[in-house]
Amino acid sequence: GVKMGRRRWFPVLLLCCGLFSQVFVPPGLSSKTQSPREGEATVARPSHAGADLLVREEVAIDRTISESSKAKPSESPEDAQKWMLLVLGLFLSYALCDLDKVNLSVAVLPIQDRFGLSEADVGFASSSFFWGYMLTQLPGAMLIQNVPGGAFTVLTVGVAIQSLGTMGTACLQYLNDSQAALWLLCLSRALVGLGEGLGVPAVGASLGTLPDSRRSSGTSTVYAGSTTGVGVGLLLCPFLIDQFGWPFIFWAFAAAGVLWIGWWMSLAPTLGYKKSESTEGNVPWKEILQNPAVWSVVACHAMSNIAFYALLTWMPSFFSRG
């Protein structure tokens, strides 16, 4: 009873985070969409003549949009291949990112048994990833505007650092001291987070280069790589650990990252990343930080991430150890 009582917070916390992420709206936003109160003036509905005029205007606008879209030149086969390769490369990079997130969630069980790590040690090692993940996202966005190749280069470097950190986790098999193993585990996971943090702005900037006709489908496909990586990782990791041992999954996923880098770099001439991408003006940080809508999105995203990453990190241990 005591053991189960300690874990009752886990599903309760996830439920609270999910509810908070759905209902949180900062003051000042909801007032813009509230219906008029009793006694307040309401906007009069347009007359029939006014409604007919609005309909005619909408039809004219639709006709203009249709004619302008027909006037646009059709996409060449070379451009179509370019955008498809870009979306595929970004999709695979996102899948690799989440494969490298989820591998430790499963492999931590045999690692913990081998080195005698406590639950606190596992939590410390798991959090190392997120510290690295947080630190490089804003610097990564700045690097995109200043390094040759822009987002293409930053994403390549990010996956390289991420794969190096995954190799470092595999090197735990050569250690016997539990304290040294804990520090190597923390360092390697921090490296994985540093690399993946660079990838977040790089993927977003790359998606911004897609033409309007492909942006929605391309963005949806790329971000589907995240859940694909989680699903494939949770299915494959237990089987691979059972057949080849826990170090194998880290060597295999690191090798997949190296293969992706080689393929991605071969696409540079096709994708046209030869010169530094054009830079934009200074970021209006003051306006961004004072915007309540920004903080609404930040709060919702933070709460949903607490629930998602708590499940991703601790659920295998939760089911295994009760």
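The values are calculated or read from the model by the stated rules, or taken from the named source; none is laboratory data. Model, not experiment: these values are computed from the prediction. Glycine also receives a Cβ, built like all others from the backbone with ideal geometry; neighbour counts cover every protein chain displayed. To get the accessible areas, we keep the full protein, side chains included, count just its heavy atoms, and leave off ligands, DNA and RNA. Shrake-Rupley method; radii C 1.70, N 1.55, O 1.52, S 1.80 Å.
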Could you grab me the full set of residues in segment 248-271 that are within 26 Å of ASP79 (Cα to Cα) and either surrounded by fewer than 18 Cβ atoms within 10 Å (Cβ to Cβ) or among the aliphatic types (A, V, I, L, M) (or both)?
LEU259, ILE261, GLY262, TRP263, MET265, SER266, LEU267, ALA268, PRO269, THR270, LEU271
Cβ pairs under 8 Å, 6+ apart or interchain, first in segment 143-163 and more than 15 Å from TYR94 (Cβ to Cβ), second part of a loop (DSSP other than H, G, I, E, B) and open to solvent by less than 10 Å² (accessible area, probe 1.4 Å), ordered by first then second residue, are ILE144/GLY150
When you scan segment 122-138, do you find a residue that is farther than 27 Å from GLY245 by Cβ, in contact (Cβ under 8 Å) with a residue 24 or more places away in the chain, assigned to a loop (DSSP other than H, G, I, E, B) and open to solvent by 10 Å² or more (accessible area, probe 1.4 Å), even just one?
yes
When segment 195-219 is checked residue by residue, the ones that are open to solvent by 10 Å² or more (accessible area, probe 1.4 Å) and either over 23 Å from LEU86 (Cα atoms) or touching an Asp or Glu at 6+ places or on another chain (Cβ under 8 Å) (or both) are ALA205, PRO211, SER213
Selection from segment 220-238 of residues under 14 Å from LEU88 (Cβ atoms) and either in contact with a Gly (Cβ under 7 Å, 6 or more places away or on another chain) or open to solvent by less than 60 Å² (accessible area, probe 1.4 Å) (or both) yields VAL222, ALA224, GLY225, THR228
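Of all residues in segment 285-297, count the ones that are open to solvent by less than 70 Å² (accessible area, probe 1.4 Å) and of a type in the set (A, V, I, L, M, F, W, C).
Counting residues in segment 285-297 that are open to solvent by less than 70 Å² (accessible area, probe 1.4 Å) and of a type in the set (A, V, I, L, M, F, W, C) gives 3.
Would you check which residues across segment 197-210 are part of a helix (DSSP H, G or I) and among the hydrophobic types (A, V, I, L, M, F, W, C) and list them?
LEU198, VAL200, ALA202, VAL203, ALA205, LEU207
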